[in-house]
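Below is one structure, written out as structure tokens; the observations come after it.
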Amino acid sequence: MDYKKNVTSCLVSLLGEHLSEQQINELLETPKHPSYGDVAFPCFTLAKLFRKPPAAIATELAENLRHPLFDKVEAKGAYVNVFLNKSAISKQIIETIVKQQRHYGDLSLGQGKTIVLDFSSPNIAKPFSMGHLRSTVIGNAIANIAEKCGYRTVRINHLGDWGTQFGKLIAAYKHWGDENKINENPIQELFRLYVKFHEEAETNEQLEQEGRAWFKKLEDGDEEAYRLWKWFRDESLRDFNRIYELLGISFDSYNGEAFYNDKMDRVIQLLEEQGLLSESDGALVVRLDEYELPPCLIKKSDGATLYATRDLAAALYRYETYAFSRALYVVGHEQRLHFQQVFSVLKKLGFAWANAMTHVPFGLMLKDGRKMSTRKGRVILLEDVLKDAIALAKKNIAEKNPNVKNEDEVARQVGVGAVIFYDLKHERTNNIEFSLEDMLKFEGETGPYVQYTHARACSILRNAPSPVTDHIQGLTDEGSWEIVKLLAAFPNIIQNAYEYLDPSLIAKYLIDVSQAFNSYYAHTKVLTEDEQLHSRLALVYATTVVLKEGLRLLGIHAPEEM
Ligand code: ARG
């Protein structure tokens, strides 16, 4: 519910001939101080239009602006200040939340249309990087937000499970591999082989050739090559699944690059039929001069297909399988050109749906100001991060609340939640400096702070003399009003987060709600038995509903005790 809309619609009825609804909406301000009311409308634009002093216009408007939900309308200089009827509005909003519970904020923007989200998508036989963590949690949150907006979603993990590197890996395994070690610790051991291959290849030219030969065998369906590849893939996936389980994230499809092996010929044929392929040094490319992009490489001179070829086949397959109204690719900035090229090739093929594809990039995770990389020793393994976070959460909780029930489960929810929240609270495209300590602080802008606020509100409700009902009166004190205004904004925040594809809007909002609630709680004796008790309890309850649902959208649990 957006109480500003009441102001907008009243102004539209007065000014509709001169300003559009959208213009009016954009002009509305929130006054810096409560003594100037709740919503302010500046009259400078109208002054120019009417060639009258803005103050005169403000006075005139203030006299005519009437609505049952307005307490008072005042002209102050060039502004019309609207004081809302706090009692009526707070009653309305709290009742709505108590009634709708977790469905509060559900929107019908999507009308059941389908959005396909490609996210996480790590590479087999390589450690799960911080970049993949970012993609995983951002993609999952955007999917949750889209569902809240009424879209159906398909979550796709486009595993990096094909390409020349698998030829190299097989070659490395044949030279130095040990089956037991791989079974024990698949990713670590496969990655060691991969690194060793590159070290040895610097002095041994033969190796590259062997790697290429093995990849050729793999592409031709050689039995041994296929068996090894499949084994590497299964073992890696087992490792990745441990991480997904910790994060509480799952996918509708794990169709990775290999899945498109038999689906690329069709793409190449389509390109050929439409005369879009040209030759360049024996390779096949699609020229993209009209988009001012370098050509998109489709087939190498040795006949091998590429990452882009597989993405073209995947796009086609996804459109035919899911009839998506939108396709999102949550992938780092560095692949910007790749996606521009893929989308442009699809447009050249005449697919209108290519316009519904969006690359959703994000910033880097930095360690001491530099990119975290798997190659250069500044490696931080994601699983270690999550485990450290859980251990630290456990320690913090034991200090704060030694009697907490299910301490391991709660520590897991807090530790993992801290990592996710820290990632998501940063504006999506900004870089992030990695800091485990900052993530896990119980104060400041952290996941544990929001979770703790929620748990604290839950404990008030547990200690309440009577249950929450929806027979409530309005609340008019400043402390409740600050919370009510924020709770009322939730649906708007969700819509904005969807429009900008940026979960940080929700993370920041949850911090605001938590701060407003904690300052309310510091100044108000919620459990005093007076005639407002029911209303205060309902406000506390409404706050828990919104905090919990907001955290859920981010992919974070809200324990009731911690
Ligand atoms: N596996 C790739 C990487 O780790 C990301 C894949 C993204 N999705 C896609 N459809 N290209 O860099």
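We did not get these values from a lab; they are worked out from the coordinates using the rules stated. Just so it is clear, the structure is predicted and the values come from calculations on it, not from any experiment. Here the Cβ positions follow ideal geometry from the backbone for every residue, glycine too, while neighbour counts run over all protein chains shown.
Pairs from the list LYS5/LYS508; LYS126/LYS395; LYS181/LYS367; LYS441/LYS508 with a Cα-Cα gap above 21 Å: LYS5/LYS508; LYS126/LYS395; LYS181/LYS367. Computed from the C-beta positions of ARG192 and ASP302 and an R0 of 22 Å, the FRET efficiency is 0.20 to the nearest 0.05. Just list whichever of LYS32/LYS86; LYS86/LYS148; LYS48/LYS86 have alpha carbons separated by over 25 Å in the model shown. Check vs 25 Å cut-off fails for LYS86/LYS148; LYS48/LYS86.
Here, region 407-562 has an Rg and a Dmax of 15.9, 50 Å when only alpha carbons are counted.
The ranking of THR469, THR153 by Cβ neighbour count inside 10 Å, starting from the fewest, reads THR469, THR153.
Diffusion coefficient (Stokes-Einstein, Kirkwood radius over C-alpha pairs, 20 °C, 1.002 mPa s) for region 394-488: 135 µm²/s, rounded to a whole number.
log₁₀ I(q)/I(0) of region 296-367 at q = 0.25 Å⁻¹, via Debye over equal Cα point scatterers, no solvent, to two decimals? For the requested q values the scattering log ratios are -1.19. For LYS348, a cut-off of 28 angstrom between C-alpha atoms picks up these lysines, skipping any fewer than 8 places away in its own chain: LYS113, LYS263, LYS299, LYS300. With the convex hull constructed from alpha-carbon coordinates only, region 80-190 shows a mean projected area of 12.9 nm² over all directions. Computing Rg and the Kirkwood Rh from the Cα coordinates of region 202-245 gives a ratio, Rg/Rh, of 1.17. In this label model, LEU107 and LEU337 are separated by 3.6 nm, measuring between points 7 Å along each Cα→Cβ vector. One quarter of the surface of the convex hull around the alpha-carbon atoms of region 178-255 equals 6.5 nm², the direction-averaged projected area. Mean projection of the Cα convex hull over all viewing directions, computed for region 212-338: 10.3 nm². With everything on Cα atoms, drop me the angle between helix 54-64 and the longest principal axis of the chain, reported from 0 to 90° to the nearest 10. Once rounded, the angle reads 70 degrees. Convex hull volume of the C-alpha atoms in region 14-130, normalised per residue: 233 Å³. In this label model, SER466 and ASP262 are separated by 6.8 nm, measuring between points 7 Å along each Cα→Cβ vector. Quick one: angle between helix 264-273 and the longest Cα principal axis of the chain, in degrees between 0 and 90, rounded to 10, please. Tilt relative to the chain: about 90 degrees.
About its Cα centre, the dipole of the chain is roughly 920 debye, where the only charges are +1 on Lys and Arg Cβ and -1 on Asp and Glu Cβ. Note on region 470-562: semi-axes of the ellipsoid equivalent to its C-alpha gyration tensor, largest first and rounded to whole Å, are 26, 14, 11. Shown here are the Rg and Dmax of the Cα trace of the chain, at 28.4, 88 Å. Dipole size of region 84-164 about its Cα centre, with +1 on Lys/Arg Cβ and -1 on Asp/Glu Cβ: approximately 280 debye, rounded to the nearest 20. Among the trypsin sites (Lys or Arg not before Pro) in region 440-539, those placed in a DSSP loop whose Cβ has at most 10 other Cβ atoms within 10 Å are LYS525. Principal-axis analysis of the Cα atoms of the chain puts helix 478-499 at an angle of about 30° to the longest axis. Computed from label points 7 Å out along Cα-Cβ, the spacing between LYS72 and THR528 is 2.4 nm. Normalising by the residue count of the chain, find the relative contact order in percent from Cα pairs under 8 Å and 6+ residues apart. With pairs under 8 Å counted, the relative contact order is 16 percent. The fraction of Cα-Cα pairs per 5 angstrom bin, counted from 0 for region 298-421, comes to 2, 9, 13, 13, 11, 10, 11, 11, 8, 5, 4, 2, 1, 0 percent, rounded to whole percents.
For region 149-189, backbone nitrogen atoms closer than 13 Å to the point 7 Å from GLU383 Cα along Cα-to-C-beta are found at 182-189.
Each stretch of four or more DSSP H residues adds -39500 (n - 2.57); spread over every residue of the chain, this sum gives -18000 deg cm²/dmol at 222 nm.
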